[in-house]
Amino acid sequence: MEATSLRSVLRDRFSIDFRGLVQKYADTYPENLDQPSKGKVFYQVKDVHLRKTYTPMFQPISDTQVLYFVEGNLKQVIFEPAKPASSFQERMLTYLFRIQGSLDLRPCVSGVGDVYMKVVDKLPEENSEREVEDIQMDDYLLPILYEDDYDKVAEEILKTYYPEGHPVDGRKLAERMGLSIVEGGLVDHEDTYGLICFDFSEVKVLCKDGVVRRLRLNPGNIFLNTNKLKNQRMCNSTIIHECVHMYLDRHYFFLQRMSGLKATAYAARKERNYSWRNTPVDWMELQVDKMPAHILMEKHAALAAIERLFSEYQGSRDPQTVRAVIFALADEFEVSPSMAKYRMVELGYPEAEGVFTYPDHLPVPDHGCAGIWRKGITYTVPEKDIAAILKTTALGDPVRRMKYRFVENHFCLNSSKYIWKDGRGKLRLTAYARNHIDECCIAFSTRGRYSGAEYDARMAARGKMERPADKYLCHYQIDAEPGTTEYEEQIEFYLDDQDRWNNLIDNLPHDFTLAFTKARKELQTSEETLGFRIGRSQKKVSKIITSKDPKLREVIALCIAMQIPKKLSDKLIKLAGKSYEADPMASYFESWLDMCGDFTVEHCNAVLVKLGQEPLIDGEFD
């Protein structure tokens with residue numbers, strides 16, 4: 001549902017628009033505008049432009065002061081008494097108008113106070129020493145937060161509601177903010193962690209007797225979905241997430257209510273591959289996702305703890321020490337290791353980027369720099385980003401690309417000093433490379449990740465942080481302790497993925513080109529990425545896929561490159577009208593297809609050449 005701006009509410013509900021206000025001002029107070037020495041003057045508004053909105057964040061709902069600065073272009077028409085009526089002069093003038101009014105956003109009232117206007121010379125100057133009380137809201141009544149503002153707002157929240165310091169108990173914070181907590185198992189929104197209500201709402205919950213019932217929620221209720229909140233730290237951060245929604249976004253939700261939105265009474269945050277549409281809801285969820293870490297790990301307390309922990313390791317910043325510090329921080333502040341890691345990065349310890357990293361849902365070995373890890377730099381990239389990297393960086397040059405190998409999610413120099421093969425033939429970074437990552441691997445600038453969101457007018461929900469990209473996994477790492485929640489979740493992920501693979505295979509078209517294309521798109525693997533993995537161009541990949549009679553080995557090469565289970569590879573090979581059972585290399589082909597993701601096309605070609613056989617893909621790199 002699209003968000004409604006304050007300007008839209010003023011125009012559509014209260015018949016107040018800037019053009020009309022400026023015209024009324026010019027008609028009522030022409031003496032406040034430029035006056036000719038003689039003659040009668042009239043003003044006609046040609047257009048208006050919003051220059052700036054000043055609405056302080058810290059205001060009561062019942063009396064929200066709104067300040068607009070609007071630039072108006074007016075046509076001045078002058079009639080001189082001594083001349084015929086048809087004789088007049090015209091000129092265009094530009095003025096800056098200051099428009100101030102008040103809102104009562106309470107649902108039972110929903111009104112607009114008197115509007116005051118005057119002409120000003122210039123916009124007010126920004127406060128160079130911006131304090132928390134200087135934070136403004138935009139035209140959707142959402143706070144405009146700069147990077148430095150998060151710590152300021154977090155300090156204000158803690159000073160007001162939780163002065164005793166860390167660790168922060170979310171339940172106590174909610175109680176002190178006047179919010180109450182309700183718990184239960186959601187039925188319709190199974191991927192949601194929690195909700196906060198801004199109006200009367202209903203949710204469906206599964207009761208202990210196995211019956212689904214409707215549960216009525218009141219404004220100020222935080223609902224926790226016990227189906228998803230598996231541990232205390234997750235529960236605590238969810239409560240704080242919802243408290244932040246109330247603190248930052250109450251003006252926004254009451255504005256949406258004032259606009260007449262009476263749809264479903266919840267707002268669900270769901271991660272969608274970090275999609276970013278630059279909408280008010282995107283900005284709101286970005287802010288609310290970031291703020292809990294600043295509250296749970298308040299800046300000054302976190303910095304002191306980090307420095308104390310590093311001092312215990314004589315100031316060492318190697319990957320092993322950084323990992324130890326991250327887990328110690330997580331325990332001290334009672335947060336997840338991932339939150340502790342990214343809080344360290346935010347506070348100026350970029351070396352934490354090299355620890356506890358899961359770019360493709362599987363762990364990357366810890367790594368660090370021999371020198372200083374520069375801020376805003378990462379050396380680890382997900383495989384799904386390879387195509388974009390080849391398009392937008394110098395790695396797109398085949399000559400330069402051949403100097404590097406993609407190993408452990410790094411573009412590393414192809415040297416035995418940095419790369420070795422394990423007992424299964426899989427490429428690994430050497431211990432030296434992992435501790436000198438800046439010496440051998442390409443560095444990339446990092447950008448923020450933004451979570452998609454769905455909202456309506458009256459409730460905000462914290463959704464499950466799902467695995468971000470690939471919903472089909474070929475490798476599984478079930479390494480949690482048996483009997484724990486993590487162990488059960490890993491088993492569930494495995495079963496879910498098997499169902500997805502089987503469903504994909506069962507519903508493939510009977511045409512090879514269509515089937516391969518569907519599988520490729522489902523796995524979110526571009527032709528450019530496949531080209532990189534087989535050492536050929538995107539055009540070559542497309543030629544193989546669209547061929548009426550593709551070569552067996554080329555089809556096998558694409559299946560290996562796509563890192564899919566053998567049962568899907570066998571189906572695609574069959575649809576291509578091929579079979580490898582009679583091929584002298586059949587046992588090798590079957591082994592490579594069975595070891596999904598462990599062998600690259602380059603590995604396979606090397607084996608075949610060693611055996612005096614033709615490679616899967618022949619010819620030079622193109």
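In the list Val109, Val119, Val132, which residue meets the criterion of being open to solvent by 30 Å² or more (accessible area, probe 1.4 Å), among the β-branched types (Val, Ile, Thr) and modelled with pLDDT under 85?
Details: Val119 fails: modelled with pLDDT under 85; Val132 fails: open to solvent by 30 Å² or more (accessible area, probe 1.4 Å).
Step by step, each of Val109, Val119, Val132 is checked, and only Val109 is open to solvent by 30 Å² or more (accessible area, probe 1.4 Å), among the β-branched types (Val, Ile, Thr) and modelled with pLDDT under 85.
Restricting to segment 397-446, count the residues that are in a loop (DSSP other than H, G, I, E, B) and more than 20 Å from Thr600 (Cα to Cα).
Step one: list which residues in segment 397-446 are in a loop (DSSP other than H, G, I, E, B), which gives 397, 402-403, 408-409, 414-418, 422-426, 430, 436, 442-443, 446.
Still in the running and more than 20 Å from Thr600 (Cα to Cα): 397, 417, 436, 442-443, 446.
Result for segment 397-446: 6.
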Give me the residue from segment 248-299 that is within 15 Å of the chain's Cα centre (by Cα) and among the aliphatic types (A, V, I, L, M) and, out of that set, modelled with the highest pLDDT. Met291
Is it the case that Thr160 is over 30 Å from Leu10 (Cα atoms), open to solvent by 50 Å² or more (accessible area, probe 1.4 Å) and free of Cβ contacts under 8 Å to residues at least 60 places away in the same chain? yes
Over segment 346-384, the set of residues farther than 27 Å from Asp151 by Cα, within 20 Å of the chain's Cα centre (by Cα) and not in a loop (DSSP other than H, G, I, E, B) is Glu383, Lys384
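Looking at segment 208-234 only, could you name the residues that are part of a loop (DSSP other than H, G, I, E, B) and in contact (Cβ under 8 Å) with a residue 12 or more places away in the chain? Full working, then the answer.
Keep residues of segment 208-234 that are part of a loop (DSSP other than H, G, I, E, B), which gives 208-211, 218-220, 226-231.
Correct list: Asn218, Pro219, Gly220, Thr226, Asn227, Lys228, Leu229, Lys230, Asn231.
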Exactly one condition in (1) surrounded by 15 or more Cβ atoms within 10 Å (Cβ to Cβ); (2) out of contact with any Leu (no Cβ under 6 Å at 6 or more places or on another chain) is not met by Arg400; state its number. (1)
Among the residues in segment 72-91, are any in contact with a helix residue (DSSP H, G or I) (Cβ under 7 Å, 6 or more places away or on another chain) and modelled with pLDDT of 90 or more? yes
How many of the residues in segment 529-539 are surrounded by fewer than 18 Cβ atoms within 10 Å (Cβ to Cβ) and assigned to a helix (DSSP H, G or I)? 2
Just a yes or no: is a residue in segment 490-513 crowded, with 22+ Cβ neighbours inside 10 Å, at pLDDT 90 or above and more than 23 Å from His361 (Cβ to Cβ)? yes
Which ones in segment 156-187 are part of a strand (DSSP E or B) and either in contact with a helix residue (DSSP H, G or I) (Cβ under 7 Å, 6 or more places away or on another chain) or within 17 Å of His245 (Cα to Cα) (or both)? Ser180, Ile181, Val182
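The values are calculated or read from the model by the stated rules, or taken from the named source; none is laboratory data. Fair warning: this is a prediction, and the values are worked out from it, not measured in the lab. No Cβ is skipped: glycine too gets one built from the backbone with ideal geometry, and neighbour counts run over all protein chains shown. All accessible areas refer to the heavy atoms of the entire protein, side chains included, with ligands and DNA or RNA removed. Shrake-Rupley method; radii C 1.70, N 1.55, O 1.52, S 1.80 Å.
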